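The values are calculated or read from the model by the stated rules, or taken from the named source; none is laboratory data. Worth saying up front: this structure is predicted, and the values here are computed from it rather than measured. Glycine also receives a Cβ, built like all others from the backbone with ideal geometry; neighbour counts cover every protein chain displayed. Ligands, DNA and RNA are stripped out before the accessible areas are found, and what is left, the full protein with its side chains, is counted by its heavy atoms. Shrake-Rupley method; radii C 1.70, N 1.55, O 1.52, S 1.80 Å.
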Amino acid sequence: MQLTSSDIAFVTEGILYGPAGIRVSEIITDSRNAFIAPDAAFVAIIGVNHDGHLFIGSLYNKGVRVFIVSELPADINNYPETAFIQCSNTVEGLHKIALWHRKQFRGKVIGITGSTGKTIVKEWLADILGKAYSVVRSPKSYNSQIGVPLSVLKLGNNYDYGIFEAGISFPGEMEKLERIIMPEAGIITNIGDAHRENFSGDREKGREKLRLFRNAGMIVYSRDQLLVRDLIGSDDKLRSAKLVGWSFSDTDAEVYVRITRSLKGHTIAEITFSGNTVEYDIPFTDRASVENAVTVASACLAMGMETATIRKGLSELTAVAMRMELKNGINNCQLIEDYYNSDPGSLLMALEFLKQFNGRKTSLILSDFLQTGRSETELYSEVASLVAGTGINKFTGIGEALCRNCALFGPEAKFFHSTDEFIRRFSSDMYRDEIILIKGARIFEFERIGRLLEQQVHTTHLEINLDAISHNLNEFRRFLRPGTRIMAMVKAFAYGSGPAEIASLLEFHRVSYLAVANADEGAVLREAGITMPVIVMNPDPSASDQLIRYNLEPEIYSFSALSSFARAAARHGLVNYPVHIKIDTGMHRLGFLPAEIKELSVTLKSLNCIKVMSVFSHLAGSDDESLDEFTHRQADVFQNAASVIKNELGYSFLMHLLNTSGIARFPEYQFDMVRPGIGMYGIGRHPGLDLRPAGRFLTRISQVKVIPAGEPVGYGCRDVSEKQRVIAVLPVGYADGLNRKLGNGNGYLFIKGRRVEIAGNICMDMCMADITGLDAAEGDEAEIFGANIKLEELAAICETIPYELLTSIPGRVKRIFFTE
């Protein structure tokens, strides 16, 4: 894309303020981009939880000189040689730029929609088409009102095909996306439950999705999806397109599919199209994957690809890794594994994820890009600029193309012709104390490199979905008044999730404070590179020097704690060191009682070594309607105490009272800041809050054995059955946080699509499960809690609360962090 600032004003129908001839080759919407090209234009978008206009100053300092805005900055004269294009709606302006760019494209565009499977179909279709054509695709799940135009702007006339997915959440959105994508061919996967709440029913949602194909010349769909078939058949405009319907049951379908047999991990299917029947090997057996593969095969057949190419492509399909994972590695390294796809767009996204871990040495292991349709020099010059611009400390390139273009990278970069060569020359001392991003096309099998670098610990692990935590954080922000701050609770090892990784994410999302339980937890965050304010909620008086050394801010809850910390602050010669005052308003845990507030205020005023940054209290029953009167009384006591302190000190400070359940139920008490805790991890029932569980506790079967009738299982020989049983042994026990109350059939594991009882007493490092009648084997995954067994359910069985179960998972259990 090559435009000038005046061109953008013309295309967006905006008003230009400033120079007309500034060249623009890239559009960005995220001010946090790790690498910003000098000729980028920034679109300032106002969303529910953010306003892009607030970041104009920082982007100007990074070199951006073109801004698309809805409001001109009040200090516009402070931005010399800068163009501002003012539009009434910047999202619509972005759409107009994408539409203009789309009209320049001379290749073919394929649009994909549906409730599930869009991204997988897009990836597999791009992989197979890429064997014969040059293909560009939307990165990851860029299918929204913002993601689609940014994807379309990647089109160039060096590509034969563009493949873009489109998703909607509300009526009317698809019409806007259709105008940008303008697909010549369309694929719809299915109509399901996703985003149903915003439509009157599946029929309305299906009609909205099919608007993407109003002007398409061809539509690929499943005739077995009766709703989709009916909606297409009843619409004159859709019906006029070339319809390519596939079916497992309708022999008259344009594409008839007959499953002939299933081998281990493979499905053999005969596909009949235009009178020709060909056998295909699909390397999956689950129904969803087979349907997605058939959809891709049908599209390729309809577009006239050679059967041999399609057969080869289908047989080589691999599971699409829908996430980037963060794991512990050798030599105190951390690994970010991204085997999703490999193109410049997805590399930039991976680098954005890497940027969250500031303060650490960074490495990138990258494979060749495949089927880009661009000249190698142009492509790898861009990659080298990305690597340099994001401050990657160590670069390793793997592939013939990267080897040919090694001169574009710095002298310290290393190159290998293949994954095999890297593995042959690998030494464990090559990487130490760094974050390593492993990013490669699937054909390079970078999983083998990941296994070399991964710290080998036992297979039981806790998965944490960072995207779910981000969603939950924004869900809390939806309830907050403008300007209300967030103190995020990461105490108790971030409720068992891992404090440093969670803290990095929260710092990236600009929460105001982090809160930990003790000074040691705060020190861990500082040593991990966290620089934002950290409050210690329960500091030991003996830890004052440690607090000061690590720049941690203490909660002050008693006169003795105040005296101890004030002496340490004075000894260090500190002035106005930040502290936070805890008031006991009725919970009767830590805190100053109301009768002590006057004396406390006078004492605080006399100490110039400290400064009160906030005054707060904690609600005892914010989640219990029967205690609402008590909650209101706590709030009154709190406000009175804070008022006394403020009048005595003569300056303002932050006030905060609300925990997770309080945020939803008592908006009148938001004051200056709120403190979401376990709700950030999607735990608990909080009316009005759409929270997503962030954790899954998983293990794998170590051994399967047949136990004769009458034989016991486990310590104490308590679990005896009159029938023969098949027992799975799993490497998770009470030393891993699996509560012993779940044994002897009280609790369950979820294995191969079914709940199975835990058999016998739970051991320290192992447990057993009755898998009789289940086709399970060694190595199969078992869920302890997650999507199929809720943590709240386990807590109820154990007669405790989710907090206890989460915080009982020890450090020896590996944490895997991932983003979708």
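Scoring L691 on the criteria (1) modelled with pLDDT of 90 or more; (2) in a loop (DSSP other than H, G, I, E, B) leaves a single failure, condition (1).
The strands (runs of 3 or more DSSP E) found entirely in the stretch 737-820 that carry 1 or more residues being hydroxyl-bearing (S, T, Y), open to solvent by less than 60 Å² (accessible area, probe 1.4 Å) and touching a residue at least 40 places away in the same chain (Cβ under 8 Å) are 814-819.
Among the candidates D770, D736, which residue alone is acidic (D, E) and more than 17 Å from R718 (Cα to Cα)?
D736
Scanning the stretch 430-469 for residues that are within 17 Å of the chain's Cα centre (by Cα) and open to solvent by 20 Å² or more (accessible area, probe 1.4 Å) gives N465, D467. The residues of the stretch 71-90 that are of a type in the set (G, A, S) and open to solvent by less than 30 Å² (accessible area, probe 1.4 Å) amount to a single one, A83. The criterion of being under 34 Å from the mean Cα position of the chain (by Cα) and modelled with pLDDT of 95 or more holds for E757. Could we say that G201 is over 25 Å from the mean Cα position of the chain (by Cα) and modelled with pLDDT of 95 or more here? So G201 does not fit the description; no. When you go through F415, F395, F422 one by one, which is the residue that is assigned to a helix (DSSP H, G or I) and closer than 23 Å to L354 by Cα? After ruling out the rest, the residue left standing is F422.
Which of the residues that make up the stretch 622-665 are part of a helix (DSSP H, G or I) and among the hydroxyl-bearing types (S, T, Y)? Matches in the stretch 622-665: S626, T631, S643, T660, S661.
Kindly check whether there is at least one residue in the stretch 578-585 that is part of a loop (DSSP other than H, G, I, E, B), touching a residue at least 24 places away in the same chain (Cβ under 8 Å), within 15 Å of V516 (Cα to Cα) and of a type outside the set (S, T, N, Q). Lay out the reasoning, then the answer.
The first filter runs over the stretch 578-585 and keeps only residues part of a loop (DSSP other than H, G, I, E, B), leaving 584-585.
Now drop any that are not touching a residue at least 24 places away in the same chain (Cβ under 8 Å), which leaves 584-585.
After this cut, where a residue has to be within 15 Å of V516 (Cα to Cα) as well, the list is none.
For the stretch 578-585, residues part of a loop (DSSP other than H, G, I, E, B), touching a residue at least 24 places away in the same chain (Cβ under 8 Å), within 15 Å of V516 (Cα to Cα) and of a type outside the set (S, T, N, Q): absent.
Pairing each residue of the stretch 370-388 that is of a type in the set (K, R) with any residue that is part of a loop (DSSP other than H, G, I, E, B) and at pLDDT below 85, provided the two are 6+ apart or on different chains, yields C-beta distances under 9 Å for R374/N158. Has the stretch 407-414 got any residue that is surrounded by 21 or more Cβ atoms within 10 Å (Cβ to Cβ) and either over 17 Å from A384 (Cβ atoms) or of a type in the set (D, E) (or both)? No - not one qualifying residue is present in the stretch 407-414.
Kindly establish whether I15 is buried (at least 21 other Cβ atoms within 10 Å of the Cβ) and either over 22 Å from A350 (Cα atoms) or of a type outside the set (S, T, Y) (or both). No. The residue of the stretch 585-625 that is nearest to A568 (Cα to Cα), among those that are in contact with a Ser or Thr (Cβ under 9 Å, 6 or more places away or on another chain) and among the β-branched types (V, I, T), is T603. Given the criterion in contact (Cβ under 8 Å) with a residue 12 or more places away in the chain and surrounded by fewer than 18 Cβ atoms within 10 Å (Cβ to Cβ), identify the matching residue among F638, F630, F697, F671. Just a single option satisfies the conditions, and that option is F630. Just for the stretch 398-412: of the residues that are of a type in the set (G, A, S) and part of a loop (DSSP other than H, G, I, E, B), which one is nearest to L452 (Cα to Cα)? Going through the qualifying residues, I end up with G399. What are the residue pairs meeting all of these: first residue in the stretch 161-178, first residue without any contact (Cβ under 8 Å) to a residue 60 or more places away in the chain, second residue of a type in the set (K, R), Cβ atoms under 6 Å, and 6 or more apart or on different chains? Between residues of the stretch 161-178 that are without any contact (Cβ under 8 Å) to a residue 60 or more places away in the chain and residues that are of a type in the set (K, R), the close pairs are Y161/K108; I163/K122; I163/R137; E165/K118; E165/K122; E175/R211.
Taken over the stretch 247-288, the criterion of being of a type in the set (G, A, S), open to solvent by 20 Å² or more (accessible area, probe 1.4 Å) and not in a strand (DSSP E or B) is satisfied by S249, G265, S274, G275, A288. Within the stretch 535-545, the set of residues being open to solvent by 40 Å² or more (accessible area, probe 1.4 Å) and assigned to a helix (DSSP H, G or I) comprises P541, S542, D545. Restricting L574, L590 to those that are open to solvent by 40 Å² or more (accessible area, probe 1.4 Å), farther than 30 Å from R477 by Cα, in a loop (DSSP other than H, G, I, E, B) and not basic (K, R) reduces the list to L574.
Taking the criterion of being over 30 Å from K814 (Cα atoms), touching a residue at least 12 places away in the same chain (Cβ under 8 Å) and assigned to a strand (DSSP E or B), the only residue of the stretch 720-735 that qualifies is R725.
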